[in-house]
Amino acid sequence: MKISIIVPIYNVEKYIRKCINSIINQTYKNIEIILVDDGSPDNCPMICDEFARRDERIVVIHKKNGGLSSARNAGLEKAT
């Protein structure tokens, strides 16, 4: 069974690498990681793209800021 992990991201540059690394290093490997950049004004969009290039399980969605619920819903629409 594949598990989808949706991570809404906005202005969390200080924490995002630790968060993504924690998910990547889980023992259960049959996952898809959906990073939803909700129009973050810091370097989060570039950090997300960097991780997506290194791990094929990561999908990045860049969208205009719409808030937490909007970001989660965008992730749900992409989840397989």
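General remarks:
- Matching residues, the stretch 37-58, being open to solvent by 40 Å² or more (accessible area, probe 1.4 Å) and under 12 Å from the mean Cα position of the chain (by Cα): MET46, ASP49, GLU50, ARG57
- Residue among ILE33, ILE6, ILE20 that alone is open to solvent by less than 70 Å² (accessible area, probe 1.4 Å), under 12 Å from the mean Cα position of the chain (by Cα) and closer than 15 Å to GLU77 by Cβ: ILE6
- First in the stretch 10-33 and hydroxyl-bearing (Ser, Thr, Tyr), second anywhere and at pLDDT 95 or above and surrounded by 13 or more Cβ atoms within 10 Å (Cβ to Cβ), Cβ under 8 Å, 6 or more apart: TYR10/ASP37; TYR10/ASP38; TYR10/GLY39; TYR10/SER40; TYR10/CYS44; TYR10/ASN65; TYR10/ALA71
- Within the stretch 59-80, being of a type in the set (Val, Ile, Thr) and either over 11 Å from SER4 (Cα atoms) or open to solvent by 50 Å² or more (accessible area, probe 1.4 Å) (or both) holds for VAL60, ILE61, THR80.
- Selection of helices (runs of 4 or more DSSP H) fully inside the chain by the criterion of at least 3 residues being in contact with a helix residue (DSSP H, G or I) (Cβ under 7 Å, 6 or more places away or on another chain) returns 13-24, 44-54.
The values are calculated or read from the model by the stated rules, or taken from the named source; none is laboratory data. No experiment lies behind these values; they were computed from the predicted model shown. FYI the Cβ positions are ideal-geometry reconstructions off the backbone, even for glycines, and counts take in every protein chain you see. To get the accessible areas, we keep the full protein, side chains included, count just its heavy atoms, and leave off ligands, DNA and RNA. Shrake-Rupley method; radii C 1.70, N 1.55, O 1.52, S 1.80 Å.
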